[in-house]
Ligand code: CMC
């Protein structure tokens, strides 16, 4: 028996087997139980993947106890301070930070792929004017494969690379088009002379005949910096629900546009990317500081489905390093774009109240990245129904990086969990006598 094994015994059959421990470069080891059923005649049961590693990956590392988040080994704090979203997308997709020339060429290629086909623009007309932008994101992303079927040979690394680039490049264009369709404004074409986030803001807000810096200064350098920062923070988060959805869909051999559309759907839920929109609705519902205790009591009440949105995380159990950064950015953005809305003060008061409460202390519930991201987006005049769409733009870099990593590995198998069946045993059709 070595230290690098775990022995599992099936007491029902008196059989035991040693299983190897798999170790990554850092982090908790995992028991390789792929042959468990063959060896011991049992499955494992782990709904919600509380103790299950679903793959090996070299992209992102999280230490939830210490509040560490690394992209390709670089701490999120360093990337947030020094990098741009496009540089981080390059890092995630390629494994290394780009040289100056590599970054220029990557940016150039993103610019070239940023337009969407004119027929795709018409596709938007099928959506009702008040459709939620996330519904449009799911549908339009899924439809992209219909435009690029000549470059969908997934055994060809160049086809894979171009597909990934297209998704990162077109996502802001599709996102801005979703917003403009919902308000009935004419679509704005992407501009190659603007930086990625500037370009997005221009496609969102500029009016015909207007220069890209509009009278309200939405494309102020502080706004662009804040947007880059939020996109960096949201770019990847290892095997979260939407990334795992992209991986599972990809394991079937489905095309990457369909797989990312599945990822967008998974991100939409309030327990995941929908939390930033839900935080703002919650703050609006709380309204004033004196009502905080009532809502904290609701969050603690087991018979009440209400949860404090923007609080808690499956992996982070002391603090979410991204929340520390978004909180600081909130001060900077609100100083530049002051608002009469006391949302930020309310959020700070709610955080302070919750962090002193025994329930939140015992369960290790802290603000996560999305507790403050919505307040920043609101200050930048991004509409609330676009908050999760903003998350989509950023997370696309992560989704395609995981997809590229997975598709380059030999010996892919379809993802196919097992179950514990709790339904009827065998029943006889002819025994029904009441029909
Ligand atoms: N408010 C009140 N109670 C909570 C909350 C909350 N926000 N989050 C967890 N709990 C309680 C929960 O009721 C449970 O209590 P008990 O042990 O008595 O049953 C305990 O804490 C553990 O919760 P869980 O649901 O088992 O934990 P999880 O790891 O499955 O869920 C979570 C993590 C993020 C889905 C959850 O904390 C949550 O629903 N938070 C609010 C939604 C949110 O902010 N989501 C954004 C996550 S960060 C962005 C992203 O990565 O997508």
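The values are calculated or read from the model by the stated rules, or taken from the named source; none is laboratory data. Just so we're clear, the structure is a prediction, and the values are computed from it rather than from any experiment. Don't worry about glycine lacking a Cβ; one is built from the backbone with ideal geometry, like all the others, and counts go over all protein chains shown.
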Residue hits (the stretch 34-44; surrounded by 12 or more Cβ atoms within 10 Å (Cβ to Cβ) and either more than 25 Å from residue 420 (Cβ to Cβ) or touching a strand residue (DSSP E or B) at 6+ places or on another chain (Cβ under 8 Å) (or both)) are 36, 39, 40, 42
It is to be established whether one or more residues within the stretch 23-33 are away from the ligand (no atom under 16 Å from the Cβ), surrounded by 11 or more Cβ atoms within 10 Å (Cβ to Cβ) and outside any loop (DSSP other than H, G, I, E, B). yes
Across the stretch 80-104, which residue is nearest to the chain's Cα centre (by Cα) among those that are part of a helix (DSSP H, G or I) and farther than 15 Å from residue 398 by Cα? 80
Before we move on, is residue 97 free of Cβ contacts under 8 Å to residues at least 40 places away in the same chain, more than 30 Å from residue 187 (Cα to Cα), crowded, with 18+ Cβ neighbours inside 10 Å and in the same structural domain as residue 226 (by TED's automatic domain parsing)? no
Any residue in the stretch 317-331 that is exposed (fewer than 14 other Cβ atoms within 10 Å of the Cβ) and either assigned to a loop (DSSP other than H, G, I, E, B) or within 12 Å of the ligand (Cβ to nearest atom) (or both)? yes
Got a sec? Which helices (runs of 4 or more DSSP H) wholly within the stretch 226-289 have at least 1 residues that are within 19 Å of residue 308 (Cβ to Cβ)? 275-286
Out of the stretch 290-305, which residues are in a loop (DSSP other than H, G, I, E, B) and within 8 Å of the ligand (Cβ to nearest atom)? 302
When you check residue 340 against the structure, is it at pLDDT 95 or above and surrounded by fewer than 16 Cβ atoms within 10 Å (Cβ to Cβ), yes or no? no
Scanning the stretch 118-141 for residues that are at pLDDT 95 or above and closer than 14 Å to residue 166 by Cβ, which turns out surrounded by the most Cβ atoms within 10 Å (Cβ to Cβ)? 140
Return the residues of the stretch 46-62 that are touching a strand residue (DSSP E or B) at 6+ places or on another chain (Cβ under 8 Å) and farther than 20 Å from residue 414 by Cα; say none if nothing qualifies. 59, 60, 61, 62
Check residue 314 against each of (1) within 19 Å of residue 283 (Cα to Cα); (2) within 13 Å of the ligand (Cβ to nearest atom); (3) surrounded by fewer than 16 Cβ atoms within 10 Å (Cβ to Cβ); (4) under 25 Å from the mean Cα position of the chain (by Cα) and name the one condition it does not meet. (1)
